[in-house]
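K.L.:
Here it is, the structure, as structure tokens.
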Amino acid sequence: MTYYRLPAVLLVLTVLLSLATFIDPPAGRLNWFLEVGPGLIGIALLVATARRFPMSHLVYVCCFAHLCILMYGGYYTYAATPLGNWAKESFDLVRNHYDRVGHLALGLFPAFTIREILLRLTPLQRGGWLFFIIVSIVLAIGAFWELLEWWVSLIVAADVGQAYLGSQGDVWDAQWDMFLAMVGGIISLGFFSGVHDWSMARIPAVIGTRRKSGE
């Protein structure tokens, strides 16, 4: 089916990028796995459910873009990415802010996946309650990620744990990360819900998937 061509291309690119960045990352393979592993699990779930519950092309593209951000951070560590170091030197910043980009993406991209699942599988309608619930879920994901970073930093070797934590001495790092995830979700819902609706309207009909009128 032609609908699956774009997801298939993105999947091939995902496999190639994963292999290329996993072979010899400067940050080490363990750090790569810790950073990229959750994203790959998400991709695996999308692949496993693609026939029974295909997502919109926008969701597939956003998941791929999010994974690329994770791979870049996992390859170098978030605190040592060349792009972040360039911004730090060019704009006289006190730290490498690439991790802020990562946490903004943690809300920006998953918000579409959450929105699509809620609209297609629950009685929720478009409106204020849907907006509130999605932003709350995004914020919860951001908070859980901070707990995950804390647990991992306690379990793995100290150097890997500190690299994975990536606070860079900022005592408010966790709060900033959760806040940026929430901001990312608000941006997605506030500015791109219409684009998401347009993309969902082009999903092929699948038996067993409840579709709401007007999608």
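The values are calculated or read from the model by the stated rules, or taken from the named source; none is laboratory data. Just so it is clear, the structure is predicted and the values come from calculations on it, not from any experiment. No Cβ is skipped: glycine too gets one built from the backbone with ideal geometry, and neighbour counts run over all protein chains shown.
K.L.:
Checking the condition touching a residue at least 40 places away in the same chain (Cβ under 8 Å) and surrounded by fewer than 20 Cβ atoms within 10 Å (Cβ to Cβ), which residue from ARG5, ARG52 passes? Outline the logic, then answer.
P.N.:
On the way: ARG5 fails: touching a residue at least 40 places away in the same chain (Cβ under 8 Å).
Sole residue among the options that is touching a residue at least 40 places away in the same chain (Cβ under 8 Å) and surrounded by fewer than 20 Cβ atoms within 10 Å (Cβ to Cβ): ARG52.
K.L.:
Could you count how many residues in the range 86-109 are closer than 23 Å to GLY37 by Cβ and outside any helix (DSSP H, G or I)?
P.N.:
At the first step, the residues of the range 86-109 found to be closer than 23 Å to GLY37 by Cβ are 96, 98-109.
Now restrict to residues that are outside any helix (DSSP H, G or I): 96, 109.
Number satisfying all stated conditions: 2.
K.L.:
Let me ask something else about it. Looking at ILE114, ILE133, which one is part of a helix (DSSP H, G or I), crowded, with 18+ Cβ neighbours inside 10 Å and at pLDDT 95 or above?
P.N.:
Working: ILE133 fails: crowded, with 18+ Cβ neighbours inside 10 Å.
When all the criteria are applied, what remains is ILE114.
K.L.:
Regarding the range 29-41, can at least one residue be identified that is acidic (Asp, Glu) and surrounded by 13 or more Cβ atoms within 10 Å (Cβ to Cβ)? Full working, then the answer.
P.N.:
Filtering the range 29-41 down to residues acidic (Asp, Glu) leaves 35.
Then keep just the ones that are surrounded by 13 or more Cβ atoms within 10 Å (Cβ to Cβ); that gives 35.
For the range 29-41, residues acidic (Asp, Glu) and surrounded by 13 or more Cβ atoms within 10 Å (Cβ to Cβ): present.
K.L.:
A further question on this structure: Give LEU70, LEU13, LEU45, LEU17 a once-over and let me know the one that is of a type outside the set (Val, Ile, Thr), out of contact with any Phe, Trp or Tyr (no Cβ under 6 Å at 6 or more places or on another chain), free of Cβ contacts under 8 Å to residues at least 40 places away in the same chain and surrounded by fewer than 20 Cβ atoms within 10 Å (Cβ to Cβ).
P.N.:
Numbers: LEU70 fails: surrounded by fewer than 20 Cβ atoms within 10 Å (Cβ to Cβ); LEU13 fails: free of Cβ contacts under 8 Å to residues at least 40 places away in the same chain; LEU17 fails: free of Cβ contacts under 8 Å to residues at least 40 places away in the same chain.
Of the residues listed, the single one that is of a type outside the set (Val, Ile, Thr), out of contact with any Phe, Trp or Tyr (no Cβ under 6 Å at 6 or more places or on another chain), free of Cβ contacts under 8 Å to residues at least 40 places away in the same chain and surrounded by fewer than 20 Cβ atoms within 10 Å (Cβ to Cβ) is LEU45.
K.L.:
Determine whether LEU83 is touching a helix residue (DSSP H, G or I) at 6+ places or on another chain (Cβ under 7 Å), in a helix (DSSP H, G or I) and without any contact (Cβ under 8 Å) to a residue 24 or more places away in the chain.
P.N.:
Against the criterion (touching a helix residue (DSSP H, G or I) at 6+ places or on another chain (Cβ under 7 Å), in a helix (DSSP H, G or I) and without any contact (Cβ under 8 Å) to a residue 24 or more places away in the chain), LEU83 qualifies.
K.L.:
Pick out the one residue from LEU46, LEU70 that is more than 18 Å from PRO7 (Cβ to Cβ), out of contact with any His (no Cβ under 8 Å at 6 or more places or on another chain), assigned to a helix (DSSP H, G or I) and not hydroxyl-bearing (Ser, Thr, Tyr). Full working, then the answer.
P.N.:
On the way: LEU46 fails: more than 18 Å from PRO7 (Cβ to Cβ).
Among LEU46, LEU70, only LEU70 is more than 18 Å from PRO7 (Cβ to Cβ), out of contact with any His (no Cβ under 8 Å at 6 or more places or on another chain), assigned to a helix (DSSP H, G or I) and not hydroxyl-bearing (Ser, Thr, Tyr).
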